[in-house]
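The values are calculated or read from the model by the stated rules, or taken from the named source; none is laboratory data. Please read all numbers here as calculations on a predicted model, not as lab measurements. No Cβ is skipped: glycine too gets one built from the backbone with ideal geometry, and neighbour counts run over all protein chains shown.
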Amino acid sequence: MTERLAADPAGISRAGALLLGGGLVAFGTETVYGLGADATNPGAVAAVFAAKGRPRFNPLICHYPDAPSAFRDVAPNETARRLARRFWPGPLTLILPRRPGSAVALLTGAGLDSLAVRVPAHAAALALLRAVGRPLAAPSANPSGRVSPTTADHVFAGLAGRIDAVLDSGPCEVGVESTVLDLTGPRPVLARPGGVPRERLEELLGPLSLAETAAAPRSPGLLASHYAPALRLRLAADSVAADEGLLAFGPPLRGAAVTFQLSAAGDVMEAAANLFAGLRVLDEAGARLALRGIAAMAVPADGLGLAINDRLTRAAAPRT
Ligand code: TXA
Ligand code: MG
């Protein structure tokens, strides 16, 4: 059975003990819920891949309570130090060369010589990281390819019975995953748009190039389906049918069977926080009302809108 733990000292201490014993515990962060395991324990990390059905070539992010502990496992360059000072704790993941002496299991980084590290801006997650005293490998706590969880109930819906516990800290504030920045090459590359807007990084780093896999809107055909609801998703809808659910942004189109409003005021931060819950609500309505699909209204690509468009494009990608 999967335990539900309160995000109080007793719950955090129980979660820490389970993790130190090699167990799997999902926990809230400011972005989405992560499925945590002791990153130094290869058996626990293998269990994360198994619980999610995640291919073993897809590396996990390591979470730390602060920058100095992260930089014991990876070698930061000057850019990494500046970014860490400005954005940690926060929704930014840095990919850096792994230090040869690191205790992090090779499987955590899928055998690569780089490692993704981040310090979450979330009180319960930080308390858990301090209680464990080891880095936590934590991918989003959903079955591989499906919609990421932003509440403890979402985690139970996808992984109940397959993990030891969920540390319930309520809904996630940001609602989309961290921005992933690859610092292993000659120039920083935006590998995944996320909770820290591209514009804020560019203030510090100058113009950033987008990794090919993150250039979603330009190459949807190359994308593997990800963040996928059960219903088909139609992007940039300017009309909606009576047998479709509507994911609205701003004044909603008329005529949908059911509407989920991301942000009535057209605010991309509010929309990001509501995005994954909205896909789930429409999916459930779809099953109940035998809907044909979801029509998503256009969202501008500035600020967190870039991450929203990335997730929606992947959710709409052809299923294999
Ligand atoms: O907000 C987040 O980042 C959440 C919370 C739980 O922290 N975690 C998360 O993990 O989104 P996950 O596993 O769903 O996404 C991690 C992404 C994947 O796209 C993975 O391929 C990439 O980071 N990644 C991890 N390590 C990498 C590495 N060494 N090189 C390149 N990409 C890497
Ligand atoms: Mg994920």
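Give the number of residues within the range 132-163 that are under 23 Å from Ala46 (Cβ atoms), away from ligand 1 (no atom under 12 Å from the Cβ) and outside any loop (DSSP other than H, G, I, E, B).
Residues that pass the stated criteria total 4.
Only one residue in Ala277, Ala307, Ala296 is in contact with a Leu (Cβ under 6 Å, 6 or more places away or on another chain) and under 25 Å from Gly194 (Cα atoms), so which one is that? Walk me through it before giving the result.
Working: Ala277 fails: in contact with a Leu (Cβ under 6 Å, 6 or more places away or on another chain); Ala307 fails: in contact with a Leu (Cβ under 6 Å, 6 or more places away or on another chain).
Criteria check complete, one pass: Ala296.
Could we say that Pro186 is assigned by TED's automatic domain parsing to the domain that holds Ala127 and modelled with pLDDT under 95 here? Give the steps one after another, and end with the answer.
Values: assigned by TED's automatic domain parsing to the domain that holds Ala127: yes; modelled with pLDDT under 95: yes.
It is true that Pro186 is assigned by TED's automatic domain parsing to the domain that holds Ala127 and modelled with pLDDT under 95.
Consider Gly195 carefully, then state whether it is out of contact with any helix residue (DSSP H, G or I) (no Cβ under 6 Å at 6 or more places or on another chain), under 22 Å from Thr151 (Cα atoms), within 16 Å of ligand 2 (Cβ to nearest atom) and at pLDDT 95 or above. Break it down stepwise before answering.
Values: out of contact with any helix residue (DSSP H, G or I) (no Cβ under 6 Å at 6 or more places or on another chain): yes; under 22 Å from Thr151 (Cα atoms): yes; within 16 Å of ligand 2 (Cβ to nearest atom): yes; at pLDDT 95 or above: yes.
It is true that Gly195 is out of contact with any helix residue (DSSP H, G or I) (no Cβ under 6 Å at 6 or more places or on another chain), under 22 Å from Thr151 (Cα atoms), within 16 Å of ligand 2 (Cβ to nearest atom) and at pLDDT 95 or above.
Out of the residues in the range 166-185 meeting the condition of being crowded, with 19+ Cβ neighbours inside 10 Å and among the small types (Gly, Ala, Ser), tell me which one is farthest from ligand 1 (Cβ to nearest atom).
Ser169
Give the range 106-131 a look and list any residue that's surrounded by fewer than 22 Cβ atoms within 10 Å (Cβ to Cβ) and either closer than 23 Å to Asn77 by Cα or within 8 Å of ligand 1 (Cβ to nearest atom) (or both), or say none.
Matches in the range 106-131: Leu106, Ala110, Gly111, Leu112, Asp113, Ser114, Ala121.
Any chance the range 152-160 includes a residue that's of a type outside the set (Asp, Glu), within 21 Å of Gly11 (Cβ to Cβ), touching an Asp or Glu at 6+ places or on another chain (Cβ under 6 Å) and in the same structural domain as Ser102 (by TED's automatic domain parsing)? I'd like the intermediate steps shown before the answer.
Taking the range 152-160 as the starting set, the residues that turn out to be of a type outside the set (Asp, Glu) are 152, 154-160.
Next, only the ones that are within 21 Å of Gly11 (Cβ to Cβ) stay: 152, 154-160.
Next, from what is left, pick out any that are touching an Asp or Glu at 6+ places or on another chain (Cβ under 6 Å): 152.
Remaining after also requiring in the same structural domain as Ser102 (by TED's automatic domain parsing): 152.
The answer is yes, given that some residue of the range 152-160 is of a type outside the set (Asp, Glu), within 21 Å of Gly11 (Cβ to Cβ), touching an Asp or Glu at 6+ places or on another chain (Cβ under 6 Å) and in the same structural domain as Ser102 (by TED's automatic domain parsing).
Please enumerate the residues belonging to the range 261-280 that are closer than 20 Å to Tyr33 by Cβ and touching a residue at least 12 places away in the same chain (Cβ under 8 Å). Spell out how you get there, then give the answer.
The first filter runs over the range 261-280 and keeps only residues closer than 20 Å to Tyr33 by Cβ, leaving 262, 269-280.
Within the range 261-280, Leu262, Met269, Ala271, Ala272, Ala273, Asn274, Leu275, Phe276, Ala277, Gly278, Leu279, Arg280 qualify.
Assess whether Gly158 counts as being within 14 Å of ligand 2 (Cβ to nearest atom) and free of Cβ contacts under 8 Å to residues at least 40 places away in the same chain. Steps first, answer last, please.
Numbers: within 14 Å of ligand 2 (Cβ to nearest atom): yes; free of Cβ contacts under 8 Å to residues at least 40 places away in the same chain: yes.
Considered against the rule, which asks whether it is within 14 Å of ligand 2 (Cβ to nearest atom) and free of Cβ contacts under 8 Å to residues at least 40 places away in the same chain, Gly158 comes out as yes.
Among (1) under 16 Å from the mean Cα position of the chain (by Cα); (2) within 14 Å of ligand 2 (Cβ to nearest atom); (3) surrounded by fewer than 24 Cβ atoms within 10 Å (Cβ to Cβ), which single condition is Lys52 missing?
Unmet condition: (3).
Just to check your reading of the model, which residue among Leu107, Leu94 is more than 16 Å from ligand 2 (Cβ to nearest atom) and part of a strand (DSSP E or B)? Before the answer, list the steps.
On the way: Leu107 fails: part of a strand (DSSP E or B).
After applying the criteria, what remains is Leu94.
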